[in-house]
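The values are calculated or read from the model by the stated rules, or taken from the named source; none is laboratory data. What you see is a predicted model, and the numbers here were worked out from it, not measured in a lab. As a convention, Cβ positions derive from the backbone with ideal geometry for all residues, glycine included, and neighbour counts pool all protein chains shown. Each accessible area value is taken on the protein alone, full model and side chains, heavy atoms only, with ligands, DNA and RNA left out. Shrake-Rupley method; radii C 1.70, N 1.55, O 1.52, S 1.80 Å.
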Amino acid sequence: MSAIEILKQFNSCYVKIQAIAQDEIWLLLIADKKIGPEAATHLGDVLHYLGEAMGCVEPLIDPD
């Protein structure tokens, strides 16, 4: 798998997880305490780490 393919996969995952984090039903489940606040924290952590991974791969594609 090339660096650009890896970055595209990370980006695809990031977009999908971000959609979950912003979804009204997800937010309502947290508000109704049907999902613990730690779940929201973990989801935020996943987005953060995916973003960090993307940042590490990007220089391999476009070093400028």
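Among the residues making up region 41-58, those that are closer than 16 Å to Gln22 by Cβ and surrounded by 15 or more Cβ atoms within 10 Å (Cβ to Cβ) are Leu43, Val46, Leu47, Leu50.
Against the list (1) touching a residue at least 40 places away in the same chain (Cβ under 8 Å); (2) open to solvent by 70 Å² or more (accessible area, probe 1.4 Å), the condition Leu28 fails is (1). Would you confirm whether or not region 33-40 contains a residue that is under 28 Å from Pro59 (Cα atoms), open to solvent by less than 80 Å² (accessible area, probe 1.4 Å), within 14 Å of the chain's Cα centre (by Cα) and of a type outside the set (Phe, Trp, Tyr)? Within region 33-40, none of the residues are under 28 Å from Pro59 (Cα atoms), open to solvent by less than 80 Å² (accessible area, probe 1.4 Å), within 14 Å of the chain's Cα centre (by Cα) and of a type outside the set (Phe, Trp, Tyr).
For region 5-24, a residue qualifies if it is surrounded by 12 or more Cβ atoms within 10 Å (Cβ to Cβ) and among the polar types (S, T, N, Q), and the qualifying residues are Gln9, Asn11, Gln18.
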